[in-house]
Amino acid sequence: MMTAPLPSFSFSRRCAVAACVVFSCLGFSHASTAVKPLMLEEVLASVQTQYPPYLAALIEQDIANGRARQALGAFDLNLNVGGAFQPAGYYDGQTGYAVMDQPLPFWGGNVYGGYRLSSGFLPNYNKDRTSTDGEAVVGFRLPLLRDGTIDRRRAALWQSQIDQELADPMILRQYLDFVRAATISYFTWVAAGQRLTLTEELLRIAKDRDSAIAEQVKRGASAPIVQIDNQRLVVSREIAVVQALRRFQAAAIELSLFHRSRELAEPVISPRERVPSAFPPHPRPDESQVTAAIARAAIFRPEIRRIELNIEKNEIDRKLAKNNMMPQLDVGIEAAQATGGRLPSNLERTEIEAKVEFKLPLQRREAKGRIEVAEALIQRLKNDKQFARDRISADVRDSHSAIIAAYDALQQTRKNVDLSQQLETAENERLKQGATDLLALQIREQATFDAKVLEVEAQAEYFRAQANYRAAMAADAPSSLAR
């Protein structure tokens, strides 16, 4: 006799309807119009032009450029204006001056020129005493020992220029990480979409069989318990579809962080229709290319370049500290030319003054301490550089090994799928002949499904390993950032 429809069918329908509602609310489209499959190149192009963390990383170059301009400010032309007067005392003279001072970018010197003017009653020995119309002044100062080859101004400028170069490896490191993350997210999304398709196909098989079993029960060819068992299987597979759908939704939402619209750079939740029907080709890696990959990584990976630039910055600190150990010996010449026709009898119209100044810090503990710090930092960075080379080599070897393992596992999963399908087909024939029961066929169907899911996951793992390998040898480094 016919059995009544099971209450569990209503539960499964509610699950499916709820999943579809969630699916549509999240922006997934089931439009019937044909759409192009989403390819990895489209996602990576979005990362390069629209991904906010990468755009934020590019600002690091602007920051470094601003700091370099800031360091150049130490060599700006300066205007010095001042004066003095004596409100009380025997002398009541006043003096004033306006001088332009230009620091030199070489040898730590500076040149200056301007105008001085005095008035009132000043003693004859006062150096600021000028003619009635004032005098023009020009001169220069030049350090011969300390601050000659390097000083704080030039050290800050050189280090800021190194910081400009440092911005590139910092940006490149983040770019490689973003490309790897986007690639892994993309293939996780593809695998989730294909797994959902396999889960739905498994459900379809159970539903198609349910109609046939119901007809057999009606004719008395099968016991009602057989239909109940198959209906239970339908419900369990509907639940699996809901779970697979949720997994696909999560993968699509994660991918939307990298895949963005061109106009507004907003996340695009890619619909199921854009899932490629198959993974790209996946050839077996050439084991002989490991050495070449390690050599390439040593050149293009940003870690070593970053350490080398930091060593250069600390070398500048060490040179500056050694400079501070030296005595200071400054020489200069100043010439004054009186203007106007009236000139006091005790003043010369043209005066030239040579200046020499010597200073020697006796203990120089600050400079000695800076030398010790700089040398220790340089030694530490050299050790870091050696380990970075070892780390890069290990990364390349490990990721290459992972690709080979993923490739070999993929070949085995394909054999597993083929064998499972053969067993399922044979079991289906036996069921038609009455030599087996539905339970055995269900087990074979589940085994085939599991084998296909393993194959999908093995393909995704292959491309995840490939993403790690390309990141390890900096294969996707833009030419504008690679040294």
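General observations
- Residue in segment 73-94 that is of a type in the set (Ser, Thr, Tyr) and free of Cβ contacts under 8 Å to residues at least 60 places away in the same chain present: yes
Okay, residues lined up against (1) assigned to a helix (DSSP H, G or I); (2) among the basic types (Lys, Arg); (3) buried (at least 17 other Cβ atoms within 10 Å of the Cβ):
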position	(1), (2), (3)
Glu348	no, no, no
Glu351	no, no, no
Lys368	yes, yes, no
Gln379	yes, no, no
Val396	yes, no, yes
Ser401	yes, no, no
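- Some residue of segment 107-118 being within 51 Å of the chain's Cα centre (by Cα), in contact (Cβ under 8 Å) with a residue 24 or more places away in the chain and farther than 19 Å from Ile333 by Cα: no
- Candidate set from segment 205-254 (those that are closer than 30 Å to Val43 by Cβ and of a type in the set (D, E, K, R)); member that is surrounded by the fewest Cβ atoms within 10 Å (Cβ to Cβ): Arg246
- Within segment 438-466, being of a type outside the set (Lys, Arg) and over 38 Å from the mean Cα position of the chain (by Cα) holds for Leu438, Leu439, Ala440, Leu441, Gln442, Ile443, Glu445, Gln446, Ala447, Thr448, Phe449.
- Residue in segment 244-254 that is part of a loop (DSSP other than H, G, I, E, B), among the small types (Gly, Ala, Ser) and in the same structural domain as Ala45 (by TED's automatic domain parsing) present: no
- Sole residue being of a type in the set (A, V, I, L, M) and either part of a helix (DSSP H, G or I) or in the same structural domain as Arg116 (by TED's automatic domain parsing) (or both), chosen from Ile316, Ile269: Ile316
- Ile205 vs. criteria out of contact with any helix residue (DSSP H, G or I) (no Cβ under 6 Å at 6 or more places or on another chain) and modelled with pLDDT under 90: yes
- Top-ranked residue in segment 19-52 [being at pLDDT below 50 and either of a type in the set (D, E, K, R) or outside any loop (DSSP other than H, G, I, E, B) (or both); ranked as surrounded by the fewest Cβ atoms within 10 Å (Cβ to Cβ)]: Cys25
- Unique residue being among the polar types (S, T, N, Q), outside any helix (DSSP H, G or I) and more than 21 Å from Asp210 (Cβ to Cβ) when the list is Ser420, Ser479: Ser479
- Scope segment 76-90; condition loosely packed, with under 11 Cβ neighbours inside 10 Å and in a loop (DSSP other than H, G, I, E, B); matching residues: Asp76, Leu77, Pro87, Ala88, Gly89, Tyr90
- Filter result for Ala244 (closer than 30 Å to Tyr51 by Cα and either out of contact with any helix residue (DSSP H, G or I) (no Cβ under 8 Å at 6 or more places or on another chain) or touching a residue at least 60 places away in the same chain (Cβ under 8 Å) (or both)): no
- Number of the exception - Ala181 against (1) touching a Phe, Trp or Tyr at 6+ places or on another chain (Cβ under 8 Å); (2) of a type outside the set (D, E, K, R); (3) within 28 Å of Val331 (Cβ to Cβ): (3)
A quick yes/no check of all residues on (1) out of contact with any strand residue (DSSP E or B) (no Cβ under 9 Å at 6 or more places or on another chain); (2) of a type in the set (Lys, Arg); (3) farther than 30 Å from Pro169 by Cα:
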{"position": "Lys382", "(1), (2), (3)": "yes, yes, no"}
{"position": "Arg391", "(1), (2), (3)": "yes, yes, no"}
{"position": "Arg397", "(1), (2), (3)": "yes, yes, no"}
{"position": "Ile403", "(1), (2), (3)": "yes, no, no"}
{"position": "Val417", "(1), (2), (3)": "yes, no, yes"}
{"position": "Gln421", "(1), (2), (3)": "yes, no, yes"}
{"position": "Glu424", "(1), (2), (3)": "yes, no, yes"}
{"position": "Gln446", "(1), (2), (3)": "yes, no, yes"}
{"position": "Val453", "(1), (2), (3)": "yes, no, yes"}
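- Residue check for Arg262: surrounded by fewer than 16 Cβ atoms within 10 Å (Cβ to Cβ), basic (Lys, Arg) and out of contact with any Pro (no Cβ under 7 Å at 6 or more places or on another chain): yes
- Residue list for segment 403-416, filter: aliphatic (A, V, I, L, M) and either within 10 Å of Gln466 (Cα to Cα) or exposed (fewer than 13 other Cβ atoms within 10 Å of the Cβ) (or both): Ile403, Ile404, Ala406
The values are calculated or read from the model by the stated rules, or taken from the named source; none is laboratory data. On a predicted model such as this, the values are computed, not experimentally measured, just so you know. Glycine gets a Cβ as well: all are built from the backbone with ideal geometry, and neighbour counts include every protein chain shown.
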